[in-house]
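Bear in mind that the values in this text are calculations on the coordinates, not laboratory data. Remember, predicted model here, so these are calculated numbers, not experimental data. Methodologically, a virtual Cβ is constructed for each residue, glycine included, from the backbone with ideal geometry; neighbour enumeration extends over all protein chains shown.
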Amino acid sequence: MMNDLMGSQAQQMDLQQFTRRHFFSQCSIGLGSIALGSLLGDDLAKAARANPFQPGKPHFQPRAKNVIYMFMAGGPSQLELFDWKPELARRSGDNIPESFIRGKRFAFMNSTFKDQKKLLGPVKQFRQHGQAGMWFSDNIPHIGGIADEMTMFRTCKTNLFNHAPAKLFMNTGTGIFGRPSMGSWVTYGIGSETQSLPGFVVLHSGSRGPRGGAANWASGFLPTTYQGVPLRGSGDPILNLANPAGVSARRQRASIDAINKLNLKRLVATGDPEINTRIASYEMAYRMQSSAPELMDISGESKATLDLYGVEQGKPSYANNCLLARRLVQRGTRFVQLYHTNWDSHGGPGETLTKDFDKVTHEVDQASAALVKDLKAHGMLDDTLVIWGGEFGRTPMSEARQTAGRNHHIDAFTMWMAGGGIKPGNIVGATDEFGFGAIDQECHVHDLHATVLHQLGLDHKRLTFRFQGRDFRLTDVHGNVIQDALG
Amino acid sequence: MPSFFVSPFIPLNFRRLAEATVLVGALAVDLANTEAVGIDFNRDIRPVLSENCFQCHGPDAAKRKTGLRLDTSEGATEARDGVRAIDLADLAKSELLARITATDPDTRMPPPEANSRLTPEQVTLLSEWVKAGGEYDRHWAFKKPVRQLLPSLAANRRAWAKNAVDVFIAAKQAEASVMPSPQAAKATLLRRVSLDLTGLPPSPVQIAAFVADTSPDAFEKVVDGLLQSPHYGERLGRHWLDTARYADSDGYSHDAGRSMWPYRDWVIDATNRDVSFDRFVIEQLAGDMLPDATLPQRIATGFHRNTQINTEGGVDKEQFRVDSIFDRIATTGEVMFGLTLGCAQCHDHKFDPISQVEYYRLFAFFNNADEPRIEAPTAEVLARRAEHGARVKQLETELSALAKEDAKRKPLEASLAKLKKARPSAATTLVMAKRGKPRTTRRFVQGDFTRPAEEMQPGTPSVLHRLAQPDGDRLDFARWVADRNNPLLARVAVNRMWQHFFGRGIVQTENDFGSQGIPPTHPKLLDWLAVEFMENGWSQKQIHRLIVTSATYRQVSLRRADLERVDPYNKWLGRQARFRLDAEVVRDLALASSGLLSAKMGGPGVFPPQPEGCMDLGQHRKTWKASSGEDRFRRAAYTYRWRNTPHPALKVFDAPAGLAACTRRIRSNTPLQALTLMNDPAFVELAVGLARRLMAEADSAANRIRLGFQLCLGREPDAEELRLLTGLVESQRSEFTVQSAEAKAVVAKAKLLGQATQPAGGDTEFAAWTMAARVLLNLDETITRE
């Protein structure tokens, strides 16, 4: 027995000798680039060097490389924005025919929405925009101005009608906690182009953070490497990005050098490729410390650009986030998600379809359109899929609170997408005379997810991850690519 | 340069890794065994059928194609239109053979539209199995574990083994021609076992004592001491809190704070007392229904009150009550059975023999509970209350002695009323309680609570052991779960213990022991441990002791070129595993090294510092006022856990947020972790504390570095390491001498913490040592258990 053990010890010594030699011959190239090939065998070496955010291979030729998802938290009213219903205006005040609502469930069933059957006509004026004559309310003239760039999905459908569960559903395809969000699936599938910024970034603006918080950009059972990294509007853009007091960049460099040298020594001693990853993590952290402030520094942007978005320098805003989204994608970030609150228009204080709705539309209209225009001006729109929408829409019936508002509605609501190979100047689906449900081409959340993945060159049925004995997908066992939306 | 990284050996491309392991497990390695021992249905055949056939020809009756069922022998041998998938009368004529070898895509199975395809090896394997008689066997996990005989070993391997665990490990190593690694150095071993059992590093004094102790049972003595430490419960109990999805807020939209810490403290205490695991389970599922239930037994039922609560406007409460029961069934399945019971919520299970009807029978057990909040007074509060009660009584007695018109009466009445209001308050906690008027349970069509179907009575899945009480209640259910006849509970529990000590379970899919799970690498060891566990009074400490005192556990974790070739994933445990510490231990270790750790146990959650703005990401901007004094430096097990805005330093090291049961933590390795350890003010203050300690407790630079190594790494530095760090201190010192403002800025931090006690050498010296301490706390080895 002793001899056997001595044998393996001898082999271990060989291994350490080899690594040591290798290290000293390679270290001039840079830390973290040690090839462990002949040491650990090819497969392991591959794994050791593997970088999960390295641009991955899609399943087929992609139309889009990046995604910017403007998440309108709270549920924007499609009936005051996109889905012009003259019949609803004419019959405002009438009861909705029983056939529409029989057996349906709504939020606030036991309180403010009890027996609410009265139709509420569109509160806003509408007009047509673009070559296809798409309707937009006068609240969003700028978005109307990019009608010819977008596909409007008028018949989006989801399963859950409370905010937090519905947000989870829109982001992860299920109301069950612990599943990965779309941004996590995408970065897991095709990695990221940037080596000095996170691949999946989340920004938020508005009166409050999104309901559900971190679950909305969580990686679920996927490695946490793929979870969304919140970029903050004030203070350090990324948590703990700034050095502690008294630590200059030079001092930080000296510290990281010491850490990495000691880690490298341990790598040699143990042969554990995980240390190689650790070394590279410290190098990337150091790079992020300069690239993230550079990203946030918009002083180099022209006045014309700032005016296009409506950015006020130094003031956190949705407009600022839209500009940052372009800058992120420019630098190789794969998936950017912007949350803006609050779109919850029940009619109560702070939630009216008049003043409060006007406020939120004003906050997002110009910048949303500016992002599409600016991406186009930079030649980036073809590669970047822009998505705009909330977790659900609003009912055609009014909800009587202090003012007439609208309740949550999941049967039909509007989202739009632009760029990334999406057909321009296009409408998918149609709703009935009241905008209650789809009469043509329903676009379920699963279908929207399948379509987004498709544009990125990913087959939603093949992008899977084995967990609890099952191959999980963003679209579960559902989803069809919405062919009518493809350019 | 690579971007965000993840451990290549654990989570990275887990799917590919898992596939590779399945393949290796089911075919490459075991195929070699097949020649010697014949085809084993559970090991060789069931995984292939499950993966490729059960989706359409399995337990789910609703989705079964052409009525053919291949998960049972009866189904496979039944005549359908005169054809049998397996024809026992003439095996060669079995339809299964024809279908899997057909070249015509219309007849070949699996069909082209299926997402699966049989490899040529799998076709051969299935064919051989059918030709040999197509014999089925019950899925291994549904058979009751029996104590396995110890395998016989060659003399050299027998000499290596220290206990029964090693005998099973050595037998597999012999089959795979793997030699074990030598025992780790004593210092390494002590650090490993201390971190594993208490989550705290050994002190330099403890290390020196252990190294000096040459008695043959020196290690066993250390282990026994650690098992008796109150910190044991804080470490091992935290694992159970992961499975219980414990957190201190409601989740969903509002994420309101909740008082739940009495349950957390109950878990830590029960783990420390080594409450027998069957009792531990029964009390958490139905402690409230035990005869004369005590307060702790009621607090224990908080296990299933850790579900989230949606308090946003407009919710249908019944919907979320039903959702929380779905969560309870899924959690019970994963944690106590290693079964994906949740899969049968909407339809029959696709792979395991659990029907949707059986799912709603389980639902019925959970459906008849109320969900109250009760007071959970601690012993201290009870004592204060007793004192208070005595004083009330005293005043009342005085009052009753006075005449009605006595002038003293009024003021006395006033003070009595005041006193009564001042009854010492107690924290509350969420519990289960038996419901007076039972609810009727119905099956929900497709799991949709708005589509109730036929009425269901409580019952358990027929594939498992019998329920003693046919129409039992939640307590009977709890006793059924903890029954010695349950084939799964003990196996699943010892498997998670194994995972804790080796980084991976004997069953790698620790939450799926069903037919889609990866079969155990050491099935006999798993069963032996499970039986040992049950027969030793379900003592977790006994099994922990057995595992950590094994030769297998004591091996070095260093990579070996020969092992990397024959066993790249270390299935046969030719070495120990080297892995990053859990999030809590990362912080606790830094606290302990810096000497700032508070030993205080239990009580409401505390608020260690976190960067500004972290609470903005939830719907409501909650406050996070950093605790001061002792509470600032408590173990991370006591950090307040908001579900929607978890503490960033815990989250970045993969601590679960309590959204769902977590039976295994991911171990990522990212730049955000680097930023946290280097720049997070909470870690910087610990670097300051460590620097102060090094300067106070050691004189020369070399001795300070030695002490730092002892405190953070549990070992002595070598000459090169000493030189590297000395160089850093010297260069930092000279730079700080020039940039004295920077030195002052570093020291200002220490003053804030009341730690700057005029260190010798002044600000410059202190700042330089803070830089060195920060490097030590950032080392990979520091946050790794080797």
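Here are a few things to note about the model shown:
- Inter-chain Cβ neighbour count for B:764-777, averaged per residue, equals 2 (cutoff 10 Å, partner chain atoms only).
- Peptide B:250-258 has a mean of 4 when you count, residue by residue, the C-beta atoms of other protein chains within 10 Å of its C-beta.
- DSSP beta bridges fully contained in the protein assembly as shown are about 60 percent antiparallel.
- Taking only the Cα atoms of the protein assembly as shown, the ratio Rg/Rh comes out at 0.97, with Rh defined as the Kirkwood radius.
- Think of the protein assembly as shown as having a plus end and a minus end, set by charges on the Cβ of Lys, Arg, Asp and Glu; of B:663, A:386, A:70, B:663 sits farthest toward the positive end of this dipole.
- Overall form of the stretch B:679-740 per C-alpha gyration tensor (a/c, 1.5; a/b vs b/c): oblate
- Principal-axis tilt of helix A:163-172 within chain A, Cα atoms, nearest 10 degrees: 50 degrees
- When the charge dipole of the protein assembly as shown is built from unit charges on Cβ atoms (+1 for Lys and Arg, -1 for Asp and Glu) and taken about the Cα centre, the candidate among A:431, A:289, B:459 whose Cα reaches farthest toward its positive end is A:289.
- Shape call, chain B: gyration tensor on alpha carbons, a/c limit 1.5: oblate
- Considering only beta bridges that DSSP places wholly inside chain B, some 95 percent are antiparallel.
- Protection-proxy order for peptides B:51-62, A:107-118, B:315-326, each taking the mean of Cβ atoms within 10 Å per residue, highest first: B:51-62, B:315-326, A:107-118
- Of interest is the spacing of the C-alpha centroids, which for the stretch A:220-268 and the stretch B:480-548 amounts to 38 Å.
- Dipole size of the stretch A:320-430 about its Cα centre, with +1 on Lys/Arg Cβ and -1 on Asp/Glu Cβ: approximately 340 debye, rounded to the nearest 20.
- Ordering of B:636-646, B:500-510, B:382-392 by burial proxy (mean other Cβ atoms within 10 Å per residue, highest first): B:636-646, B:500-510, B:382-392
- Protection proxy ranking of B:307-314, B:668-675, A:264-271 - average other beta-carbon atoms within 10 Å, highest first: B:668-675, A:264-271, B:307-314
- Other protein chain C-beta atoms within 10 Å of residue C-beta, averaged over A:340-347: 1.
- Equivalent-ellipsoid semi-axes of the stretch B:383-426, from the Cα gyration tensor, Å, largest first: 23, 11, 5
- Across all Cα atoms of chain A, the radius of gyration (one decimal) and Dmax (whole number) stand at 25.8, 94 Å.
- Within chain A, antiparallel bridges make up roughly 50 percent of the DSSP beta bridges whose residues both belong there.
- Rounded to the nearest 20 debye, the dipole magnitude of the protein assembly as shown is 2120 debye, with +1 charges on Lys and Arg beta carbons, -1 on Asp and Glu beta carbons, and the Cα centre as origin.
- Seen through its C-alpha gyration tensor, with square-root eigenvalues sorted a ≥ b ≥ c, the stretch B:40-137 comes out rounded because a/c lies under 1.5.
- With Cα atoms, 0 to 90° folded angle of helix A:318-330 axis to chain A main axis: 40 degrees
- Here the extension length gained between residue B:410 and residue B:80 equals 109.5 nm, from 0.36 nm per residue of separation less the Cα-Cα distance.
- Using θ = phi - 60° and Karplus 6.51 cos²θ - 1.76 cosθ + 1.60, couplings along the stretch B:498-510 (whole Hz; Gly, Pro as x): 4, 4, 5, 8, 10, x, 8, x, 5, 9, 5, 8, 5
- Rounded to the nearest 10 degrees, the inclination of helix A:445-455 to the longest alpha-carbon principal axis of chain A is 50 degrees.
- Relative to the Cα centre, the charge distribution of chain B, modelled as +1 at Lys and Arg Cβ and -1 at Asp and Glu Cβ, gives a dipole magnitude of about 1740 debye.
- Treating r as the C-beta distance of residue B:321 and residue B:446 and R0 as 22 Å, the FRET efficiency rounds to 0.75.
- Share of Cα-Cα pairs in the stretch B:182-229 lying beyond 18 Å, as whole percent: 17 percent
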